[in-house]
Every structure is written in structure tokens, then in C-alpha cells.
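As C-alpha cells, the structure follows; a few thoughts come after it.
The values are calculated or read from the model by the stated rules, or taken from the named source; none is laboratory data. Owing to the predicted nature of the structure, the values given are computational and were not obtained by experimental measurement. Using ideal geometry, Cβ is built from the backbone for each residue, glycine included, and neighbour counts are taken over all protein chains shown. The protein model used for the area step is the full one, side chains on, heavy atoms only, and it has no ligands, DNA or RNA in it. Shrake-Rupley method; radii C 1.70, N 1.55, O 1.52, S 1.80 Å.
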Amino acid sequence: MSWFFRKNNRAPRLNSVNKACVGNMNAVMATHTGNVRTNNEDAAVICYPHAEGLFAEKGLLLLVADGMGGHNSGEVASALAIHNFKEAYFEHTGNILKSLKSAAQKANKVVFDTAQTNAAYNGMGTTLTAIAVANNSLYLAQVGDSRAYVFTKNAFKQLSKDQTLVQQLVDAGTITAESAATHPQKNILLNALGTKADMEASMLKLDESLDDNNLLLLCSDGLYDMVSEAEMLAAIEQTSDMDEILNLLITKALANGGSDNITILIAAKKTAFHMRASKDTEDVDISLMNENLQQ
């Protein structure tokens, strides 16, 4: 059977879409199963509220999650996390950082409780990287090793910090950043959403802003493990067409092996990057689990 998230009449009405033209921003996402996997455990969403006042306060929310677990558990974890995070973020009455913290706690509880009460999902978890864009300011919530970058002309910067054993070794000076990419333990996470009852996400207001020529990029490790940052920059420099940037990056990841699911979400000012026309966005119910759901 299929499960669907139902709207809560008391909650803010949200646009949850894979392409958005809102305010002075464009955002678009794409995902691919890759060359090896048979199912896609990644999830991502572009989300903003219908109410103009709430949008002015909380902005545009960009989310990428990479689930883990056996037999559909990963895709269940990432979908649960994405849905509950975005709902909790816009429902919370505090400032953006407090709202991100509340959202991470809510998403963690739902994933953890689901895993505890259903043997089929025991041990499931997910990464989650969120960027809130409000009045050109950027706010980050980070769990695990999905990433957020900002690209400008001829330069890029990783905004998130991997919560992994290898990153810990780099920080301690035990290994170099260059060797981290090929380290045999590079995929060992130190933090994942839903794997324990209490989880602390990293949250901060970033020094960077969404300037006229910046492009934000969020992705799962299926992109950055296959495509170097220099290759990402080269693809972004080729065109201002956001759909084409996604196509170039996914094509490159597949050509370089495509050993994992690949999910990419990009956002930028309309003045710098454009996207192809799409149907008007509308409020949607997001499918949570497929017909293989075990209760």
C-alpha cells in the first residue's frame, strides 16, 4: 500500500515542489538512482509557505536527505525526515535558528520512533542538510554528510561540514584533506538523524549571503564522491541555465561511476541564473512509502 502525508489544517499551507520561482529566486532539483543501486534512498524538496508574511519571516527552505537502512528503510527515513522537518520549521514561532533546531528535533523523533515501533525499519536513519534563505541571508542545519556549497565566478566554498570519522581525523591532523576522499572509512557517519533518541544538529547563520552571482548547491554524496569540486565549478561556469547545470552534473556523476544515488538542488537569484518554464507550483501531498511498506 502507499502512505501519504495529509495536510494539517492548523499548519501553514506549504508549496513543496521540485522547481520554484519565488520572490527574487529560482530553485530546481533533480535526483537519479545511479548506475548501481536499484532504489533511490535520497529525498529533497524546495519548500515555502503560501502566506507572504510567513515567507518574509522564514524564507525559502531547501532540503536534501540521504537515507540508510535495509529493504526500503533508507527511503522511508529520508522521506519522513524531509516531510517532518519542513512542517516543523514553518510551524515554529521562534526565529530561524530556533525553528531549524525544533525542526531537526521533530524529524529525528519521528524517524527514531518509527524505527523503534516497526521491526522492518529498525536501525534506519538519514543525513539531512537544510538551507533557509531569508532576506538574502543563509542559515544552515546539518546532520551527517550531505553537503551545501556556494559557487561564484571562478570559486566555490563548502558551507557544511561533514559529520564523519574521516572529517574528525582531518580536523585532528591525523590525515590530510586530500587523502580523505579515498580513505577506506570515509563513509562512517558520526551523526545521523533518527538513529538515537537525542540528536544534536549543527546550526548556524552563515557568513555568506545569496548575492547576485552566487549559486547555492545542496547534494548527497552520490554527487561529490563522483564529481570533484573543480568539475562542479566547470559545469556551473558553462551555462546560466539551471536545468542544464543539473543535467551536466548528473551526467558527469554517472560517467564517473554513478555508484550511489545522486541528488542535487540548486538555487540562485533570477538575475544570474534562469530555469525553464514549468507549470504553476501547487500544494502537494508527498508520497511517503511505496507498496512494499511493511506494517
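Applying 1/(1 + (r/R0)^6) with r as the Cβ-Cβ distance of Asn39 and Asp198 and R0 = 25 angstrom yields a FRET efficiency of 0.25. Taking the square roots of five times each eigenvalue of the Cα gyration tensor of the stretch 1-136, the equivalent ellipsoid has semi-axes of 26, 18, 12 Å, listed largest first.
Each of Gly125, Ala107, Thr93 was placed along the dipole of the chain (beta-carbon charges, centred on the mean Cα), and the one lying farthest toward the positive end is Thr93. Panel note: the C-alpha atoms of the stretch 117-218, placed on their principal axes, show extents of 48, 35, 20 Å (largest first).
From the Kirkwood radius over Cα pairs of the stretch 67-136, Stokes-Einstein at 10 °C and 1.306 mPa s returns a whole-number translational diffusion coefficient of 128 µm²/s. Using a simple spin-label model with pseudo-atoms 7 Å out from Cα toward Cβ, Thr182 and Leu54 lie 5.0 nm apart. Each peptide among 37-46, 168-177 gets the average number of other Cβ atoms lying within 10 Å of its residues, and from highest to lowest they stand as 37-46, 168-177. Its residue count N fixes a reference of 2.2 N^0.38 Å for the chain, and the Cα radius of gyration divided by that reference is 0.94. Given +1 at the Cβ of Lys and Arg, -1 at the Cβ of Asp and Glu and no other charges, the dipole of the chain around its Cα centre is 620 debye to the nearest 20.
By the equivalent-ellipsoid construction on the alpha carbon gyration tensor, the stretch 150-291 comes out with semi-axes of 27, 21, 17 Å, ordered largest to smallest.
Under 5 Å between amide hydrogens, built in the peptide plane, is the criterion, and for Leu190 it picks out Thr164, Leu165 among residues at least 5 positions away or on other chains. Residues in the chain average 45 Å² of solvent-accessible surface per residue, probe 1.4 Å, ligands and nucleic acids excluded.
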